[in-house]
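A.B. asks: Here's a structure for you.
Please treat every number below as a calculation from the coordinates, not as lab data. This is a predicted model, so every value here is computed, not measured. Note that each Cβ is placed from the backbone with ideal geometry, even for glycine, and that neighbours are counted across all protein chains shown.
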Amino acid sequence: MPDGPHLPALGGAAGWLNAEPPGPADLRDHVVLVNFWTLTCINWLRQEPYVRAWSQAYRDEGLIVIGVHTPEFTFEHDIDLVRLAVAQRGIDYPVAVDNGYAIWSAFDNHYWPALYFAGRDGVLRDFHFGEGRYEESERRIQELLGIDRDPVRVTGTGVEAAADWDHLRTPETYLGTGRGERFASPGPHAATYKFPSYLGFNNWALAGEWTVRREEVRLDRAGGSIAFRYQARDAHLVLSSRGGSPIPFRVLLDGDAPGPSHGEDVDAAGHGTLSEGRLYQLVREHESVRERHLEIIFDAAGAEAYAFTFG
């Protein structure tokens, strides 16, 4: 991209993690990489090992990485959840808690994740939205630093592993009324739902007593279920809970325990626990990727489900 405007101000955050708010003097004569993220975003989770590796590999050459956590869902405003995500991901660079969207607005940003690259003169030189373009982004960092060497080797594991794009046939799907689609259990927003006799491909449905809200679906009575027919190696669900108490849940794949195809948040018998608001990996396909019927059964009321993502 041609030379852009100067790096916008980083003021207005609700707080900072890992460091005090950096001022102009702290950033002067450094290359700055600003990374917008939100803790439940699977695209950011798969990008993060690269950003983390660049921060560690080039900080001695003059790179400063600044994370900006701008929440997508209401529960992500909780600074303790952001702090937990920072610890779980091993992030040691400064992170702004941008609950009021002040920094987001200063950059006129619209995406999670987003990368903005500023040179030593403070001028924005490049940007990238979404996953991918990792080697090009690293080369851009090297160019701005004035160095040339082999890119760092990065291998994401667990939820950070790169998606299996060749077999992915199911898109990210929101569950609330604000952006929800392909809901196969029509009815009023607060109702006792039933699964349809057949759940179509890339559709989802509810069983039990649920309230469908703008951002999420909320379970009103223990024993309720969510089902989704999908095709992907990985299946994730963004979850939180109304009261904050742990809620046990069980995952079924085509009516059975997932066995070796369980995700990192579920055991082979399909048992998991909703403990804090975040993205939960329910399935990682052990054998060939194919169309699957996924069901999640919650043992207590108060479970809140926001979005399915796949990889």
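A.B. asks: Can you tell me the FRET efficiency between A19 and Q88 if r is taken as the Cβ-Cβ distance and R0 is 25 Å, rounded to the nearest 0.05?
C.D. replies: Taking R0 as 25 Å, the efficiency between A19 and Q88 is 0.85.
A.B. asks: Taking the Cα centre of the range 38-101 as origin, sum charge times position over the Cβ atoms of Lys and Arg (+1) and Asp and Glu (-1), and report the length of that vector in debye to the nearest 20.
C.D. replies: Values: 5 positive and 9 negative charges, 35 e Å.
That gives a dipole near 160 debye.
A.B. asks: Related question: Can you tell me how the range 1-63 classifies by the Cα gyration tensor, rounded, prolate or oblate, using a/c under 1.5 as the rounded cut? Could you put the intermediate results ahead of the total?
C.D. replies: Details: a/c = 1.41, a/b = 1.22, b/c = 1.16.
Taking the square roots of the gyration eigenvalues as a ≥ b ≥ c, the range 1-63 is rounded.
A.B. asks: Taking only the Cα atoms of the range 104-242, how large is their convex hull per residue, in Å³?
C.D. replies: Numbers: hull volume 21.7 nm³, N = 139.
It comes to 156 Å³ per residue, whole-number rounded.
A.B. asks: Suppose every Lys and Arg Cβ carries +1 and every Asp and Glu Cβ carries -1, with no other charges. What dipole size does the range 131-196 come out with about its Cα centre, to the nearest 20 debye? Working shown, then result.
C.D. replies: On the way: 9 positive and 12 negative charges, 96 e Å.
Computed about the Cα centre, the dipole is about 460 debye.
A.B. asks: May I pose another question? Length gain on complete extension for the stretch R120 to R214, per 0.36 nm per residue less the alpha carbon to alpha carbon distance? Could the numbers behind the result be given before it?
C.D. replies: Numbers: separation 94, 0.36 × 94 = 33.84 nm, distance 4.34 nm.
Gain on stretching R120 to R214: 29.5 nm.
A.B. asks: Here's something else I'd like to know. To make sure I understand, if each residue's beta carbon is the centre and we count other beta carbons within 10 Å, what order do I79, I247, I297 fall in, fewest to most?
C.D. replies: The most exposed by this proxy come first: I79, I297, I247.
A.B. asks: Rounded to the nearest 500, what is the 222 nm mean residue ellipticity of the chain from helices alone, with -39500 (n - 2.57) per DSSP H run of 4+ residues and division by all residues? Please report the intermediate quantities before stating the final value.
C.D. replies: On the way: 5 runs with 49 residues, N = 311.
For the chain, the value works out to -4500 deg cm²/dmol.
A.B. asks: Run the numbers for T157 and F129: contour at 0.36 nm per residue of separation, minus the present Cα-Cα distance, in nm.
C.D. replies: Numbers: separation 28, 0.36 × 28 = 10.08 nm, distance 2.18 nm.
Full extension of this stretch gives 7.9 nm more.
A.B. asks: For the range 258-287 and the range 11-71, compute the distance between their C-alpha centroids and round to whole Å.
C.D. replies: Comparing the Cα centres of the range 258-287 and the range 11-71, I get a distance of 30 Å.
A.B. asks: OK, next. Say R0 is 30 Å: what FRET efficiency, to the nearest 0.05, do Y198 and T74 get from their beta-carbon distance?
C.D. replies: Values: r = 34 Å, r/R0 = 1.14.
According to the calculation, E is roughly 0.30.
A.B. asks: Turning to a different aspect of this structure: Please compute P(r) over all alpha-carbon pairs of the range 165-310, binned at 10 Å starting from zero, and give each bin as a whole-number percent.
C.D. replies: The percentages, shortest bin first, are 13, 47, 35, 5.
A.B. asks: Taking the Cα centre of the range 165-310 as the origin, how large is its charge dipole in debye, to the nearest 20, when only Lys and Arg (+1) and Asp and Glu (-1) carry charge on their Cβ atoms?
C.D. replies: Working: 16 positive and 20 negative charges, 93 e Å.
It comes to approximately 440 debye.
A.B. asks: For Cα Rg over 2.2 N^0.38 Å, which listed value, (1) 1.06; (2) 1.02; (3) 1.13, comes from the coordinates shown?
C.D. replies: Recomputing Cα Rg over 2.2 N^0.38 Å here picks out (1).
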